[in-house]
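Remarks on the structure that follows.
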Amino acid sequence: MTAVTDLPHFHSLALDEIPAPDFADVQIVPIPPELIMEPQDWAARLFDFRSAPAWVTGAMAVRQSVVGLIGIPQGDHRAFAVQRVVGEEALIDTDDRHLQFCCGVAVDTERRLLRVTTTVRLKGWRGRLYFAPVAILHGPVVRSMMIKATRRPR
């Protein structure tokens, strides 16, 4: 029997940036053999509007129309730019006045798995109010984007 301490250690750049997050999520999906790519390419593909199912696009439109009511700026696609790549993982780190969002997009080429690790640090009442509904939808949104991204042709 293998002791827990003998198992591989889970690591993510997102957890390096926010070691004690207010919210954390990890989603993993298989990658078809013909889509093995670098982590920064997966990050770009994942956050491309073509990887968003129609219901996610609709939810983002609602988000854009409502956030101004609580003093949060509308989102911008540049917020999802890769800041750095270390080994098998690309890091997206967006720090705004209401929250800090980190997303590690990792590729395990040996096992053909795509892993997205999200960490969030909330700032003040705006962050808590904004993130309350987001926390509920985050997992299904990310997973559906990952699945669509892995099904799109290269």
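The values are calculated or read from the model by the stated rules, or taken from the named source; none is laboratory data. What you are looking at is a predicted structure, and each value in this text was computed from that prediction instead of being measured. Neighbour counts run over all protein chains shown; Cβ positions are idealised from the backbone, glycine included.
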(request) Identify all residues within segment 10-60 that are without any contact (Cβ under 8 Å) to a residue 60 or more places away in the chain, over 19 Å from ALA135 (Cβ atoms) and among the small types (Gly, Ala, Ser); write none if there are none. (result) ALA44, ALA54
(message) Out of SER51, SER65, I need the residue that is surrounded by fewer than 17 Cβ atoms within 10 Å (Cβ to Cβ), modelled with pLDDT under 95 and of a type in the set (Gly, Ala, Ser). Which one?
(response) SER65
(message) Please go through segment 81-90 and give me each residue that is touching a residue at least 60 places away in the same chain (Cβ under 8 Å) and not aliphatic (A, V, I, L, M), ordered by number.
(response) ARG84, GLU89
(message) I'd like the full set of residues that are in a loop (DSSP other than H, G, I, E, B) and in contact (Cβ under 8 Å) with a residue 60 or more places away in the chain, limited to segment 91-121.
(response) THR109, ARG112
(request) State the number of residues belonging to segment 17-32 that are exposed (fewer than 15 other Cβ atoms within 10 Å of the Cβ) and outside any strand (DSSP E or B). (result) 3
(request) Residue by residue through segment 96-125, note down the ones that are farther than 22 Å from ILE136 by Cβ and among the polar types (S, T, N, Q). (result) THR109
(message) For segment 107-122: of the residues being modelled with pLDDT of 95 or more, farther than 15 Å from GLU38 by Cβ and not hydrophobic (A, V, I, L, M, F, W, C), which is farthest from the chain's Cα centre (by Cα)?
(response) ARG121
(message) Go through segment 112-133 and report how many residues are buried (at least 19 other Cβ atoms within 10 Å of the Cβ) and either at positive phi or among the aliphatic types (A, V, I, L, M) (or both).
(response) 4
(message) Can you tell me which condition MET60 does not meet? The list is (1) modelled with pLDDT under 80; (2) over 22 Å from GLY104 (Cβ atoms), and all the others hold.
(response) (2)
